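Trainee: The structure that follows is given in the form of structure tokens.
The values are calculated or read from the model by the stated rules, or taken from the named source; none is laboratory data. This structure is a prediction, so every number in the text was calculated from the model and none was measured. Cβ: placed from backbone, ideal geometry, glycine included. Neighbour counts: every protein chain shown. All accessible areas refer to the heavy atoms of the entire protein, side chains included, with ligands and DNA or RNA removed. Shrake-Rupley method; radii C 1.70, N 1.55, O 1.52, S 1.80 Å.
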Amino acid sequence: MQSFETILTELDEGILTITLNRPDRLNAFTPVMMKELIAAFDQADADDSVRAVIMTGAGRAYCAGADLGAGGATFDYAKRPDRMEQGSPVQDDGSVDYSHPGVRDGGGRLTLRIFNAKKPVIGAINGPAVGIGVTMTLPFDFRLASEAARFGFVFARRGIVPEAASSWFLPRLVGISQALDWCYSARVFDAAEALKGGLVRSLHAPDALLPAARALAHELTDHSAPVSVALTRQMMWRMMGAGHPMIAHRLDSRGIWSRGQSDDAREGVQSFLEKREAEFPDRVSADFPDFGELLGDPEYK
């Protein structure tokens, strides 16, 4: 893995740990961090030695939200040169071209990339996770939290609205009433409330958090075919928004047809019959099927 400015990456026993690494700023989110996290997920998907990804934070925070160093202009993208690299979306008559790249939310660019990941993603939330610090975790498959963690969908207290596609993710994860409670009040709440509300899977003592996340990663991947895990992840996430079970039936049928002819399927059955550990030969980088074809959506990427 390449070296980065705002994150650390470590690959050990098939588990890639990505650590947000701005501890002096409580790992506050920046455009550079966004680009580096997207690059790290690109590399994880391309590297067949990576079976799962864990994300955590350096120091006492997971991520304190957007870096507010720009003051009152932090969220006024039209006044931030770093947001106008491709020109301004404000047209000569003062109207806004909302399809312009300069309008796009950086947190959403990251969460959409995580949504498309082909490896299981686990959050080890070691401390405060506020704003984008919590919304970036919503497309994770699992969120484990330290007992010292705190969470906050604080956007209404900053005069803005939830971002990072959280209006899609959050109600699906915790239900509409819980999502609205946390977003309307914009309060910061503790790890116990996050567990009760369904935001996190489990709570752990601070020094037990990463070991628990690693144990889960191994449990998920040590005995499973990598391509099957990758395809299952995309099938499950995609079908959360399907309007009818027939859509899932169509996707499932195409997936079984595709994978049923694979070397992995033959090995999975043969190893079971021979009562031995399977050695799956297929690789995500080379053998992941054309998901757009399976989904019936040629525009899928």
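Trainee: Considering only residues that are part of a strand (DSSP E or B) and open to solvent by less than 10 Å² (accessible area, probe 1.4 Å), look in the stretch 127-146 and name the one that is nearest to Gly107 (Cα to Cα). Step through it out loud before you land on a result.
Mentor: Filtering the stretch 127-146 down to residues part of a strand (DSSP E or B) leaves 129-130, 142-146.
Adding the requirement that they be open to solvent by less than 10 Å² (accessible area, probe 1.4 Å) leaves 129, 144-146.
Details: Ala129: 14, Leu144: 21, Ala145: 21, Ser146: 23 Å.
Taking the candidates together, the pick is Ala129.
Trainee: For the stretch 168-193, what are the residues that are more than 30 Å from Asp207 (Cβ to Cβ) and part of a helix (DSSP H, G or I)?
Mentor: Trp168, Pro171, Arg172, Ile176, Ser177, Ala179, Leu180, Asp181, Cys183, Tyr184, Ser185
Trainee: Within the stretch 168-210, track down each residue that is farther than 20 Å from Met55 by Cα, out of contact with any helix residue (DSSP H, G or I) (no Cβ under 7 Å at 6 or more places or on another chain) and open to solvent by 70 Å² or more (accessible area, probe 1.4 Å).
Mentor: Those that are farther than 20 Å from Met55 by Cα, out of contact with any helix residue (DSSP H, G or I) (no Cβ under 7 Å at 6 or more places or on another chain) and open to solvent by 70 Å² or more (accessible area, probe 1.4 Å): Trp168, Arg172, Ile176, Ser177, Val188, Lys196.
Trainee: Filter the stretch 101-118 down to the residues that are open to solvent by 10 Å² or more (accessible area, probe 1.4 Å) and in a loop (DSSP other than H, G, I, E, B), then identify the one that is nearest to Asp207 (Cα to Cα).
Mentor: Applying the filter and picking the extreme gives Lys118.
Trainee: Go through the stretch 147-167 residue by residue and tally those that are in a strand (DSSP E or B) and crowded, with 24+ Cβ neighbours inside 10 Å.
Mentor: Matching residues across the stretch 147-167 total 1.
Trainee: Does the stretch 43-51 contain any residue that is surrounded by fewer than 20 Cβ atoms within 10 Å (Cβ to Cβ), under 29 Å from Val103 (Cα atoms) and out of contact with any helix residue (DSSP H, G or I) (no Cβ under 6 Å at 6 or more places or on another chain)?
Mentor: Among the residues of the stretch 43-51, at least one is surrounded by fewer than 20 Cβ atoms within 10 Å (Cβ to Cβ), under 29 Å from Val103 (Cα atoms) and out of contact with any helix residue (DSSP H, G or I) (no Cβ under 6 Å at 6 or more places or on another chain), which makes the answer yes.
Trainee: I need every pair where a residue in the stretch 235-262 that is part of a loop (DSSP other than H, G, I, E, B) has its Cβ under 7 Å from the Cβ of a residue that is open to solvent by less than 50 Å² (accessible area, probe 1.4 Å), sequence separation at least 6 or different chains.
Mentor: Listed pairs, sorted by first residue: Ala242/Ala248; Ser262/Asp282.
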